[in-house]
């Protein structure tokens with residue numbers, strides 16, 4: 001394990017490893033997502049209250065989970081950057097931010113589409129979870145802004161790491177917001193300790209979508225990291241050899 | 001004991017520096033008053049509506065005034081190199097940073113409104129300044145980074161002011177603001193120091 005981690009610290013090794021891993025991750029993600037979509041959109045029973053409209057959770061909920069998960073990936077990479085100053089963690093944190101922002105945006109948009117028929121409004125300012133997801137989007141955007149503002153790549157990576165770690169305070173607030181404040185957004189149905197309050201036929205496609213999204217995230221992350229590595233190391237011999 | 005002395009000597013130095021530039025002292029307060037006065041002009045003078053808007057307006061103006069004055073925490077010391085000397089000194093840097101933040105709050109936050117919220121604004125703000133102090137034009141970027149982090153303070157602050165105006169009990173909001181203050185007081189100096197070290201590099 002340690003050997004593998006140290007092996008990945010070389011940009012060249014990371015580049016070659018991710019080149020091999022991307023097709024595996026990407027194709028598995030595609031297959032799982034297609035299967036779960038079929039399960040969620042066709043075979044799962046309609047909700048007794050919300051009818052077919054509930055089926056948007058198969059995009060909305062996994063996207064919202066990913067928005068939190070990617071932030072934790074980014075913050076962990078930042079933590080590693082600050083302590084061990086490794087090259088690969090710097091690139092991973094930088095590459096994860098736009099992906100996280102996209103998933104957060106997706107969660108907000110699908111949530112808004114869902115809110116219109118269910119709550120009768122596109123957007124509810126008083127809802128704590130909507131607001132905290134919006135803050136999360138702003139945190140991602142701030143991270144990306146700081147990244148581009150600092151010229152030196154190493155300094156930028158470390159400054160962004162501090163910012164990401166400060167923003168971690170927001171993550172539990174988002175996760176527990178629906179329990180702490182009684183708001184419009186429904187409480188958690190899957191991630192609680194006792195039995196999930198969702199039918200098993202609905203649950204399996206949902207978990208499938210979450211796994212599929214995670215695999216897709218990692219394949220996209222590695223693809224972005226490869227581009228970063230090439231642009232950072234464009235003057236080294238091996239990159240020149242790789243590109244010709 | 002020595003740490004306390006260090007803390008107070010740095011606090012005294014910053015306050016003297018602020019006192020020497022008396023004209024700048026009033027700027028955040030004037031800015032705050034002008035922004036607050038702009039709202040009735042822009043939204044119309046309906047008394048009922050203004051009464052409901054008031055807590056939000058007061059807090060947003062306070063937030064903007066703090067944001068604009070934040071750069072002064074580190075900017076001049078960064079420019080003349082005093083900040084590097086502080087970081088290199090044998091004392092725990094977070095104590096020194098807290099002294100600087102206290103001075104900033106006494107000068108700008110306290111005249112604005114005496115509330116639990118403004119020290120939190122100064123404390124969190126110091127992280128943003130520390131991150132961007134090395135950049136040539138960091139002001140706008142700093143606001144981008146800080147405003148999302150300010151939102152929780154804003155939410156509880158406005159609801160406290162609104163409830164006071166309606167004659168309700170605000171113990172709950174005060175407790176949460178107190179908790180935020182303790183959290184910010186313990187964690188933000190550490191983050192500021194880390195950010196300053198990166199900025200000075």
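The values are calculated or read from the model by the stated rules, or taken from the named source; none is laboratory data. Keep in mind that this is a model prediction, so the values were computed, not measured. Cβ coordinates were reconstructed from backbone atoms using ideal geometry, including for glycine residues, and neighbour counts include every protein chain displayed.
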Within region B:1-46, which helices (runs of 4 or more DSSP H) (wholly inside it) include 2 or more residues that are surrounded by 14 or more Cβ atoms within 10 Å (Cβ to Cβ)? B:2-20, B:27-43
Residue A:109 fails exactly one of the following numbered conditions: (1) at pLDDT below 85; (2) out of contact with any helix residue (DSSP H, G or I) (no Cβ under 8 Å at 6 or more places or on another chain); (3) assigned to a helix (DSSP H, G or I). What is the number of that condition? (1)
Can you run down the residue pairs with Cβ atoms below 8 Å, 6 or more apart or on separate chains, where the first is in region B:151-165 and without any contact (Cβ under 8 Å) to a residue 12 or more places away in the chain and the partner is crowded, with 19+ Cβ neighbours inside 10 Å and assigned to a helix (DSSP H, G or I)? B:151/A:131; B:151/A:135; B:155/A:131; B:163/B:173
Considering every residue within region A:180-191, establish whether at least one is outside any loop (DSSP other than H, G, I, E, B), at pLDDT 65 or above and surrounded by fewer than 13 Cβ atoms within 10 Å (Cβ to Cβ). yes
Of all the residues that make up region A:155-170, how many are more than 9 Å from every other protein chain (Cβ to nearest Cβ), part of a helix (DSSP H, G or I) and surrounded by fewer than 18 Cβ atoms within 10 Å (Cβ to Cβ)? 0
Of the conditions (1) in contact (Cβ under 8 Å) with a residue 60 or more places away in the chain; (2) farther than 30 Å from residue B:135 by Cα; (3) buried (at least 18 other Cβ atoms within 10 Å of the Cβ), residue A:118 fails just one. Which one is it? (3)
Which condition from (1) within 12 Å of chain A (Cβ to nearest Cβ); (2) under 22 Å from residue A:171 (Cα atoms) is the one that residue B:135 breaks? (2)
Residue check, residue A:54 modelled with pLDDT under 90 and part of a helix (DSSP H, G or I): yes
Could you go through region A:121-129 and let me know if any residue there is surrounded by 14 or more Cβ atoms within 10 Å (Cβ to Cβ), within 21 Å of the chain's Cα centre (by Cα) and within 11 Å of chain B (Cβ to nearest Cβ). yes
Tell me which residues, restricted to region B:166-179, are free of Cβ contacts under 8 Å to residues at least 40 places away in the same chain, surrounded by 14 or more Cβ atoms within 10 Å (Cβ to Cβ) and under 18 Å from residue B:119 (Cα atoms). B:173, B:176
Test residue A:23 against the criterion of being out of contact with any helix residue (DSSP H, G or I) (no Cβ under 6 Å at 6 or more places or on another chain) and modelled with pLDDT of 90 or more, and give yes or no. yes
Going by the structure shown, is residue B:5 within 30 Å of residue B:175 (Cα to Cα) and without any contact (Cβ under 8 Å) to a residue 40 or more places away in the chain? no
Residue selected from region B:180-190 under the condition touching a residue at least 60 places away in the same chain (Cβ under 8 Å) and more than 11 Å from chain A (Cβ to nearest Cβ), by the criterion nearest to residue B:48 (Cα to Cα): B:181
Filter region A:134-150 for residues that are more than 9 Å from chain B (Cβ to nearest Cβ) and surrounded by fewer than 24 Cβ atoms within 10 Å (Cβ to Cβ); the one that is modelled with the highest pLDDT is A:144
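Results for (1) more than 10 Å from chain A (Cβ to nearest Cβ); (2) in contact with a helix residue (DSSP H, G or I) (Cβ under 6 Å, 6 or more places away or on another chain); (3) at positive phi; (4) not in a loop (DSSP other than H, G, I, E, B), shown as yes or no for each residue.
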position: B:162; (1), (2), (3), (4): yes, yes, no, yes
position: B:172; (1), (2), (3), (4): yes, no, no, yes
position: B:175; (1), (2), (3), (4): yes, no, no, yes
position: B:178; (1), (2), (3), (4): yes, no, no, yes
position: B:192; (1), (2), (3), (4): no, yes, no, yes
Condition broken by residue B:106, with the remaining ones in (1) within 12 Å of another protein chain (Cβ to nearest Cβ); (2) surrounded by fewer than 21 Cβ atoms within 10 Å (Cβ to Cβ); (3) within 22 Å of residue B:28 (Cα to Cα) satisfied: (1)
